[in-house]
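Enquirer: What follows is a structure written as structure tokens; I'll ask about it next.
Every number in this text was worked out from the coordinates using simple rules, so none of it is lab data. Computed from a predicted structure; not experimentally measured. Positions of Cβ are generated from backbone atoms using ideal geometry, with glycine treated the same way; all protein chains shown enter the neighbour counts.
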Amino acid sequence: MDIKSYIEEKGKKAREGARRLATLSTAVKNNALIAMAEAIELDADRLKRENRKDIEAGKARSLSSAMIDRLTLNDKRIKEMAQGLKEVAALPDPVGEITRMWKRPNGMQVGKIRVPIGVIGIIYESRPNVTADSAGLCVKAGNSVFLRGGSEAINSNNAIARILIDAGLKAGLPDGAITMVDIVDREAVMAMLRLDNYIDLIIPRGGEELIRTVSVNSTIPVIKHYKGICHTYVDEDADVRMAQDICFNAKVQRPGTCNAMETMLVHSGIAEKFLPRMIERFRKAGVELHGCSRTQALDSSIIMAANEDWNTEYLALMLNVKIVDDMDEALRHIETYGSQHSEAIVTNNHQRAMQFLREVDAAAVFVNASTRLHDGGQFGMGAEIGISTTRIHARGPMGLEELTSMKFIVLGDGQVRE
């Protein structure tokens, strides 16, 4: 069978699975998720064996140590995968929720109810845990999931998917609820992106190049974020200690994430009080600092920022620093270089805080809080499938509700249109 036909057969199976999955009870879905979690834990040794194949292949391909780390499945990460499935099982089921109901003058009742989207395609790189995370969230929201992981994790992804599929079938999930593309040919991705008669939504998870490729080639709607160039603006009315703690957390706590701060903007009125101690703290943490000429005037050891630095998502212990004369200059910088992901202001000035909230265009805007808090779990939404910077359908953390759509329901007693 050629690759196009193979993908189409997978698509048909996923579509049929979605039809049946959409009507399953919450109890069946939850029991399946718990069974899948238990199967993951029981088969940990097999997962580690298959994962070692990917790690050895990755080292032979000279993958970076960071990439090898993302690929690695150890006991802790396997347990976290299983725990994630159990946590999704414990979340409220969004399917069937009536969000609004109103009565028309003719007595007809009109309402909106949450329904599954259908078949969700996930195209992802590196982290094998995405296989379990995506499957769990999609199944709980009543969607079948069509998975295509990267070639670097093919053995790990296939092993996880097989465990999930087998456990899910035994627990009552329909055949096709979880579908895994188990070949690495790039042509499989291209075929998948044109399967709009079977797949309803594509969610890419990976680097900017992957997301751009998916967006350009897909005939299916795509929810995406290209990159996370996140800023923190330290206003002249900021509490210095608070600003230092927030900025340090936003950069250092986990620099390789999309919600980590990449540029710190500092009002000139507070720069001399705030920056020397902040720079020292960053340096002790191993942060490489790039700055504007005004920042260099305060500390000549700071690297002069090049134009392209302001538009770079470092995902590392590197940070840009720019001194601005007022909030308007900070807002212009964010508008020019921001990726509409996460933006923050630190200030005790209520008026400027509210202006920042109104005028900054991003999936999440923070006042006196770290951008690292942009996360479904931190927002009280539970698990998420990713953070969307797309404006249509969902924006920000994509949890269970964001993996559903709406349909209108109408209750009448004989009404007709005049």
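Enquirer: Which whole-Hz ³J(HN,Hα) couplings does the range 302-310 yield from phi under the Karplus relation 6.51 cos²θ - 1.76 cosθ + 1.60, θ = phi - 60°, glycine and proline marked x?
Expert: Calculated HN-Hα couplings, in order: 6, 5, 5, 6, 7, 4, 6, 4, 5 Hz.
Enquirer: Tell me what the chain gives for mean residue ellipticity at 222 nm when only DSSP H runs of n ≥ 4 count, each as -39,500 (n - 2.57), the sum divided by the residue total, rounded to 500 deg cm²/dmol.
Expert: Values: 14 runs with 179 residues, N = 418.
That calculation yields -13500 deg cm²/dmol at 222 nm.
Enquirer: With +1 on the Cβ of every Lys and Arg and -1 on the Cβ of every Asp and Glu, and nothing else charged, how large is the dipole of the chain about its Cα centre, in debye rounded to the nearest 20? Present the calculation step by step, with values, prior to reporting the outcome.
Expert: Working: 54 positive and 56 negative charges, 221 e Å.
Using only the charged Cβ atoms, the result is roughly 1060 debye.
Enquirer: With +1 assigned to the C-beta of every Lys and Arg and -1 to the C-beta of every Asp and Glu, and no other charges, what is the dipole magnitude of the range 1-148 about the Cα centre in debye, to the nearest 20? Please list the in-between numbers first.
Expert: Values: 28 positive and 19 negative charges, 115 e Å.
Charge dipole of the range 1-148: 560 debye, to the nearest 20.
Enquirer: For T336, T404, T23, what ranking results if the residue with the fewest other Cβ atoms within 10 Å of its Cβ goes first?
Expert: Details: T336 9, T404 22, T23 12.
The most exposed by this proxy come first: T336, T23, T404.
Enquirer: Can you tell me the dipole magnitude for the range 216-305 around its Cα centre, using point charges on the Cβ only (Lys, Arg +1; Asp, Glu -1), in Debye to the nearest 20? Kindly include the intermediate steps, with their values, before the conclusion.
Expert: Values: 11 positive and 10 negative charges, 76 e Å.
Using only the charged Cβ atoms, the result is roughly 360 debye.
Enquirer: Output ³J(HN,Hα) for the range 285-295: one whole-Hz value per residue in order, computed from phi by the Karplus curve 6.51 cos²θ - 1.76 cosθ + 1.60 with θ = phi - 60°, and x for Gly and Pro.
Expert: Couplings: 8, x, 7, 8, 9, 10, x, 6, 5, 6, 5 Hz.
Enquirer: Now for a separate question. Pairs of alpha-carbon atoms within less than 8 angstrom and 6+ residues apart define the contacts here; what relative contact order does the range 274-418 have, in percent?
Expert: Values: 155 pairs, mean separation 20.0, N = 145.
It comes to 14 percent, rounded to a whole number.
Enquirer: Along each principal axis of its Cα atoms, how long is the chain end to end? Whole angstroms, biggest number first, please.
Expert: Sorted largest first, the three principal extents are 69, 68, 36 Å.
Enquirer: Just to be sure I understand: with springs between alpha-carbon atoms less than 10 Å apart, which residue in N143, N348, N320 has the highest mean-square fluctuation in the Gaussian network model of the chain?
Expert: Top of the fluctuation ranking is N348.
Enquirer: GNM, the chain, Cα, under 10 Å: largest mean-square fluctuation among S64, S339, S405?
Expert: Evaluated over the chain, the most mobile residue of the options is S64.
Enquirer: Over the chain, with a Gaussian network built from C-alpha contacts below 10 Å, which listed residue (I165, I123, I183) shows the highest mean-square fluctuation?
Expert: Taking springs between Cα atoms under 10 Å, the residue moving most is I183.
Enquirer: Return the lysines within reach of K407: Cα separation strictly under 19 angstrom, same-chain partners fewer than 8 residues apart disregarded; answer none if there are no such residues.
Expert: Candidates past the 8-residue exclusion: K103, K112, K140.
Enquirer: Also, quick follow-up: Along the positive direction of the dipole of the chain (beta-carbon charges: Lys, Arg +1; Asp, Glu -1; about the Cα centre), which of T219, G111, T312 reaches farthest?
Expert: Farthest towards the positive end: G111.
Enquirer: To continue, here is another question. Show which lysines lie in cross-link reach of K12 when reach means a straight Cα distance below 17 angstrom and same-chain residues fewer than eight apart are skipped.
Expert: Partners found: K4.
Enquirer: Another one. As I understand it, the dipole of the chain uses +1 on the Cβ of Lys and Arg and -1 on the Cβ of Asp and Glu, about the Cα centre. Which of G121, N249, V365 lies farthest toward its positive end?
Expert: G121
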